[in-house]
Each structure stands twice: as C-alpha cells, then as structure tokens.
Amino acid sequence: MFQSSKIPDDDVLCPFCVSGKTREFKKFGDLRHHARTKHPIEMEHAPKGLFSTKTCFYFSINPLEYSKLHGVDEEMSPEVQYARYLMAK
Ligand SMILES: [Zn+2]
C-alpha cells in the first residue's frame with residue numbers, strides 16, 4: 001500500500017480565516033482546536049459536527065490524500081453543506 005515514499009499530505013485549511021497567514025493545519029484535530037479557540041462566534045452558528053474527521057475532507061488541501069487516510073462524508077448532511085458553503089465563499 002505504501003509504495004510511494006511521498007508522505008500523504010492531509011493538511012487542512014481553516015474555513016474561517018481570511019486567506020494567508022496561519023490557516024493551514026497538519027491535523028484536523030488542530031484545526032478543530034483552532035476553530036474553537038479563535039472563532040467562537042463562527043462556531044456558534046456552525047453545525048456541531050462541522051469539524052468531524054470526514055467532514056474535514058472539505059477543508060483539505062489535498063482531498064485525494066485526505067480521503068485515503070480519513071474517508072469522506074459523502075452524504076449531503078447539514079455539516080457537509082455548511083462546509084461546502086464556507087469553502088465556496
Ligand atoms: Zn481560523
């Protein structure tokens with residue numbers, strides 16, 4: 001399975017930060033923590049499961065690698081719809 005020496009890149013982006021600066025995270029857990037501490041107002045309006053493992057797919061920089069490692073939430077749940085809305089802004 002790990003034939004390539006390339007390290008899978010499953011970095012994620014903070015959907016609430018304006019582009020640039022430190023909005024890139026190595027782990028979705030770091031992103032979740034960041035969102036809770038830095039964006040409490042946005043989090044109040046966001047669906048509860050927005051930063052679940054599978055929903056974070058929509059915040060990933062490299063979706064193919066991310067889906068291999070963590071899977072994808074393919075259902076059109078409120079969380080997924082919200083995630084897509086945030087990333088389309
Ligand atoms: Zn942020």
Within the stretch 15-27, identify whether any single residue is more than 15 Å from the ligand (Cβ to nearest atom) and either at pLDDT 95 or above or not β-branched (Val, Ile, Thr) (or both), and answer yes or no. no
Given (1) modelled with pLDDT under 90; (2) in contact with a helix residue (DSSP H, G or I) (Cβ under 6 Å, 6 or more places away or on another chain); (3) not aromatic (Phe, Trp, Tyr), index of the condition Val72 fails: (1)
Does the stretch 28-46 hold any residues that are away from the ligand (no atom under 12 Å from the Cβ) and surrounded by fewer than 16 Cβ atoms within 10 Å (Cβ to Cβ), and which are they? Gly29, Glu44, His45
Filter the helices (runs of 4 or more DSSP H) completely within the stretch 24-89 down to those with at least 1 residues that are touching a strand residue (DSSP E or B) at 6+ places or on another chain (Cβ under 6 Å). 28-38, 63-70
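The values are calculated or read from the model by the stated rules, or taken from the named source; none is laboratory data. Model, not experiment: these values are computed from the prediction. Note that each Cβ is placed from the backbone with ideal geometry, even for glycine, and that neighbours are counted across all protein chains shown.
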